[in-house]
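Student: Pasting in a structure now, in structure tokens, and then I'll have a few things to ask.
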């Protein structure tokens, strides 16, 4: 009944397109991911959906996109209740979901990509290339896109690929578009192009949900915002009434544990100094230094270039320019072997792709770095490896069966500890840990923190790369925040807090006044 | 998948079937060994027991086996190298052509006629043999390195690089060897046909020695284990400080070296070489042996012992087909069936 009145009201105001999500709940197992979230999206507005990793943004959108099914609640499109069991049903209702990984085929021309899966055919059953080209050209004209339909997708900029996805959505008469972090891999110029496109869509009365971590962009292009934290909708309102600091505060909340871990500090002399390291487009003009026994953090958002930076420092990727000094002596690292010889260890992110060798057993995975060191005339000294690993196993509290079990038989946390063990066997002087607690359970996480603290006490210089501000704050003495391949700022002591990090990571500056915390966390504006 | 050791403790002799089941599902070489044993029993049965005495039966049986092993020794040695190549995730199609190049070189060096290099330099006899062997081995090593460099530095996919090398090596050899028929000194043939007791088993001994060395290399040395690491996860290997390019380069160089050994065995066994046909299909036989022996074509998994088993299975099957009187043209089909059946039999990798 209420729905009928609502839609009548809508009709009166000439605003027929509208999505309502009411009291949505969703849990995976015992984990409540979405807890009672309601919101409304109208046609012709751009709404930002904000939140930290794991806040539930993707799950909520996947429910709307028909990828997941909600446990309870209701979705209304244009006032009518709908149930999406498949992505196809969601599309049929006029909702297009543009995922972060684009679904385009590089080796086909634009127009064939536009009709992927619903190709136009002639009566004889062959592809109607001409008609597909014409229709593509028509939609490009309507959307003010200056592209030749016959071009290969491979030859296009990332931004144009995004635009083609949007046009494809328009071609299926979508009245709502969900864009999941569309700008992460784009340059500023390309972002501008996508924004222009989004504004055109707004003029065509299309409603857009824009998921992004970049608060500046939100300020620039969005009309409204929604902030999720731990599955709850914690703030919503008009973008015009807030600034990026407010949004960052909404996202982080106040209940996070930020006390730093304690250790006895033995800070020695400078170990490594980097000057003007560059490998564009990943990172530019990076300069920093680290002392023995110091723990330095590097943080930022996805695509900030920190992993690429340290893979280049470690010699796994090339370095275009810049100098490095080890104990004040210039050093040129061109391969991972040289880096290891110089006393540098690198625990990579994405353990499965970068660290685990699944065809080898636990002891071999734990000793691979020291094979050359612990061998005589090329024959591996297995006793020495076993003795070394046995020590590490106790110190790291690795839970495992036999040494010759497969590495994949271990849990994520124990796998990570084995990878730590292989580097500790090499006795590094600088240990770079890239996302050391990725895919690791809480207990193992604390174990790994303990190890890091112990290593620092042994005067090993430690660099921690993490996208979790909390982790950086708890572990590090100071931290660099990166944004688009450059160091946006350095935080330490008082300034090392989540708000400062979030502000720098989204391209802003260090907030000067710390008094901003006292401001009431009211929810400015309201959306329905 | 964690192998569950709960119900069958190690070294348990409680129950043969339990032991068999455990080995079958946990030891990747077990099913291959079982298949080989079954084929050997079958072959023995087919050979029959229609002899005057046990002695004469045993002699016939042994002679049959020596023939099988000797005829396959050269390909078997190449298959051992191929195992390493495939373990890195690569492939070498050029082995047959490399065999012809190195074979041709050895014959040119040894030729007793006027064109022979060493004869012209006044070197004959044993010193000539030693120089020939060293030069040919070095040449094979260099050809392999050349392929390796194009794959590692030039980033040419192994299939393409070795396909190209396959065409180049044979064609160049055929061009330069047309109308030239080098004669190999009879003493040189002793390398393969020297008799120990009454048996002409030198090629088998070479095969056994090389297999033992490579078994040790694959199990116990840095190089051997790095091959597995590179083939299983190249990125992780690189990030663990392994010089991935060096490992690959050395694998192809080793392949070239082994092929040149096979070439010397072939030349000294027959005393001549048919440059247009020798080694044709050798790459496929070597790949087949490795695959039957449990080597994963995607890299990361392979067994020297498995390849020996694989070669024996194929060889015994050829012998069986011969004994059964299967027409020659049909024999390849059986080989194909064996290769596919072997892979079907092997324990499938469970995704974890």
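The values are calculated or read from the model by the stated rules, or taken from the named source; none is laboratory data. These numbers come from a predicted model, not from an experiment. Quick reminder, even Gly has a Cβ in these numbers, built from the backbone with ideal geometry, and neighbours come from all protein chains shown.
Student: In segment B:196-242, how many residues are within 14 Å of chain A (Cβ to nearest Cβ) and assigned to a helix (DSSP H, G or I)?
Tutor: Final tally of qualifying residues: 25.
Student: Okay, moving on. Any idea which of (1) at the interface with chain B (Cβ under 10 Å from one of its Cβ atoms); (2) in contact (Cβ under 8 Å) with a residue 12 or more places away in the chain; (3) surrounded by 17 or more Cβ atoms within 10 Å (Cβ to Cβ) is the one residue A:338 doesn't satisfy?
Tutor: Result: residue A:338 fails condition (3) only.
Student: Find the strands (runs of 3 or more DSSP E) located wholly in segment A:72-186 whose residues include 2 or more that are free of Cβ contacts under 8 Å to residues at least 24 places away in the same chain and exposed (fewer than 15 other Cβ atoms within 10 Å of the Cβ), and list them. Break it down into steps so the answer makes sense when it comes.
Tutor: On the way: elements: A:72-77, A:80-82, A:95-98, A:176-180.
Those strands (runs of 3 or more DSSP E) do not exist here; none qualify.
The rows are residues; the columns are (1) more than 7 Å from chain B (Cβ to nearest Cβ); (2) part of a helix (DSSP H, G or I); (3) more than 35 Å from the chain's Cα centre (by Cα); (4) modelled with pLDDT of 90 or more.
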| residue | (1), (2), (3), (4) |
| --- | --- |
| A:349 | yes, no, no, no |
| A:353 | no, yes, no, no |
| A:364 | no, yes, no, yes |
| A:372 | no, no, yes, no |
| A:387 | yes, yes, yes, yes |
| A:390 | yes, yes, yes, yes |
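Student: Next question. Of these, A:226, A:233, A:215, A:261, which one is touching a helix residue (DSSP H, G or I) at 6+ places or on another chain (Cβ under 6 Å), surrounded by 18 or more Cβ atoms within 10 Å (Cβ to Cβ) and outside the structural domain of residue A:331 (by TED's automatic domain parsing)?
Tutor: The conditions single out A:215.
Student: Something else now. Does segment A:418-426 include one or more residues that are closer than 30 Å to residue B:213 by Cβ and either without any contact (Cβ under 8 Å) to a residue 40 or more places away in the chain or at the interface with another protein chain (Cβ under 9 Å from one of its Cβ atoms) (or both)?
Tutor: yes
Student: Considering each of A:402, A:353, A:391 in turn, give the residue that is surrounded by fewer than 22 Cβ atoms within 10 Å (Cβ to Cβ), under 20 Å from residue A:447 (Cα atoms) and not assigned by TED's automatic domain parsing to the domain that holds residue A:445.
Tutor: Answer to the selection: A:391.
Student: Moving on. Among the residues that make up segment A:244-258, is at least one of them assigned to a helix (DSSP H, G or I) and within 14 Å of chain B (Cβ to nearest Cβ)?
Tutor: Quick first cut of segment A:244-258, residues assigned to a helix (DSSP H, G or I) only: A:244-252.
Next cut, within 14 Å of chain B (Cβ to nearest Cβ) only: none.
The answer is no, given that none of the residues of segment A:244-258 is assigned to a helix (DSSP H, G or I) and within 14 Å of chain B (Cβ to nearest Cβ).
Conditions (1) buried (at least 23 other Cβ atoms within 10 Å of the Cβ); (2) in a helix (DSSP H, G or I); (3) in contact (Cβ under 8 Å) with a residue 12 or more places away in the chain; (4) away from every other protein chain (no Cβ under 14 Å), marked per residue:
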{"position": "B:264", "(1), (2), (3), (4)": "yes, yes, yes, yes"}
{"position": "B:279", "(1), (2), (3), (4)": "yes, no, yes, yes"}
{"position": "B:301", "(1), (2), (3), (4)": "no, no, yes, no"}
{"position": "B:320", "(1), (2), (3), (4)": "no, yes, yes, yes"}
{"position": "B:333", "(1), (2), (3), (4)": "no, yes, no, yes"}
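Student: Is it the case that segment B:287-299 has a residue that's crowded, with 24+ Cβ neighbours inside 10 Å and within 14 Å of chain A (Cβ to nearest Cβ)?
Tutor: For segment B:287-299, residues crowded, with 24+ Cβ neighbours inside 10 Å and within 14 Å of chain A (Cβ to nearest Cβ): present.
Student: Also, I was wondering about something else. Determine which single condition residue A:308 fails, assuming it passes every other condition in (1) more than 7 Å from every other protein chain (Cβ to nearest Cβ); (2) surrounded by fewer than 21 Cβ atoms within 10 Å (Cβ to Cβ); (3) within 30 Å of the chain's Cα centre (by Cα); (4) under 26 Å from residue B:300 (Cα atoms).
Tutor: Single failed check for residue A:308: (4).
Student: Going through segment B:248-262 one residue at a time, which ones are buried (at least 24 other Cβ atoms within 10 Å of the Cβ) and either within 14 Å of another protein chain (Cβ to nearest Cβ) or in contact with a strand residue (DSSP E or B) (Cβ under 8 Å, 6 or more places away or on another chain) (or both)?
Tutor: Scanning segment B:248-262 gives no hits.
Student: Any residue at all in segment B:249-262 that's in contact (Cβ under 8 Å) with a residue 40 or more places away in the chain, farther than 17 Å from residue B:79 by Cα and touching a helix residue (DSSP H, G or I) at 6+ places or on another chain (Cβ under 9 Å)?
Tutor: From segment B:249-262, those in contact (Cβ under 8 Å) with a residue 40 or more places away in the chain are B:249-262; that's our starting set.
The next check asks that each one be farther than 17 Å from residue B:79 by Cα; those that pass are B:249.
Subset that is touching a helix residue (DSSP H, G or I) at 6+ places or on another chain (Cβ under 9 Å): B:249.
So far as segment B:249-262 goes, yes, one or more of its residues are in contact (Cβ under 8 Å) with a residue 40 or more places away in the chain, farther than 17 Å from residue B:79 by Cα and touching a helix residue (DSSP H, G or I) at 6+ places or on another chain (Cβ under 9 Å).
Results for (1) more than 28 Å from residue A:362 (Cβ to Cβ); (2) surrounded by 14 or more Cβ atoms within 10 Å (Cβ to Cβ); (3) at pLDDT 75 or above, shown as yes or no for each residue.
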{"site": "B:4", "(1), (2), (3)": "no, no, no"}
{"site": "B:8", "(1), (2), (3)": "no, yes, no"}
{"site": "B:26", "(1), (2), (3)": "no, yes, yes"}
{"site": "B:36", "(1), (2), (3)": "yes, yes, yes"}
{"site": "B:40", "(1), (2), (3)": "yes, yes, yes"}
{"site": "B:45", "(1), (2), (3)": "yes, no, yes"}
